[in-house]
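Just below is one structure, and these are the notes that go with it.
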Amino acid sequence: MTAKADFTPQEWDQVLEGPTSAGMIVITAQRGGTIRETFSMAKAYGEARQRHGQSELLDAIVAAKPELDRTRTGSLEELKTRNLGHIRDAVALLAAKASPQELDEYKRFVVGLAETVAAAHRESGRDGDPVSEAERTAIAAITDALG
């Protein structure tokens, strides 16, 4: 089993940035609902904490304070590009250090968090769907970055 101790402090920060980067991509995909969507990201962490014990690595990730890249960007597209890079970097690091099962659990957590954030605020989705097309596109980009 992979644990926090298997990573340097910089690597651990990189692992922690992946989920919150996914959440930020979805939050900024469409205007409106930012506060509700931000709270839903915290809710996704809380729900993952309730499943404590299934994965030592995931338990350590969700026990930590969510990490956000606070670097300023000139545009939303730059923010999205940088956050997708954080996700790719985290996956590459975990692919090198974690088991395939732990990597899969991390990927599922990241996608689940993105979906939770997207569903938190009713957007102009089709047929009453709370998820907008822009958020669906964002989740697809996140899924692609996860590999």
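The values are calculated or read from the model by the stated rules, or taken from the named source; none is laboratory data. This is a predicted model, so every value here is computed, not measured. Note: ideal-geometry Cβ built from the backbone for every residue, glycine included; neighbour counts use all protein chains shown. What goes into the accessible areas is simple: the full protein's heavy atoms, side chains included, and nothing from ligands, DNA or RNA. Shrake-Rupley method; radii C 1.70, N 1.55, O 1.52, S 1.80 Å.
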Right, Arg70: out of contact with any helix residue (DSSP H, G or I) (no Cβ under 8 Å at 6 or more places or on another chain), among the basic types (Lys, Arg) and within 18 Å of Val131 (Cβ to Cβ) or not? no
Against the definition (open to solvent by 60 Å² or more (accessible area, probe 1.4 Å), more than 25 Å from Val131 (Cα to Cα) and in a helix (DSSP H, G or I)), how does Ala60 come out, yes or no? no
Can you find, within region 124-147, the residue that is modelled with the highest pLDDT among those that are open to solvent by 20 Å² or more (accessible area, probe 1.4 Å) and acidic (Asp, Glu)? Asp144
Among all residue pairs at least 6 apart or on different chains, which show Cβ distances below 9 Å where the first residue, located in region 1-14, is touching a residue at least 12 places away in the same chain (Cβ under 8 Å) and open to solvent by 60 Å² or more (accessible area, probe 1.4 Å) and the second is of a type in the set (Asp, Glu) and not in a helix (DSSP H, G or I)? Asp13/Glu67
Is at least one residue of region 82-102 more than 24 Å from Arg136 (Cα to Cα), out of contact with any strand residue (DSSP E or B) (no Cβ under 8 Å at 6 or more places or on another chain), at pLDDT 80 or above and buried (at least 22 other Cβ atoms within 10 Å of the Cβ)? yes
So, of the residues in region 15-42 that are polar (S, T, N, Q) and open to solvent by less than 20 Å² (accessible area, probe 1.4 Å), which turns out to be modelled with the lowest pLDDT? Ser40
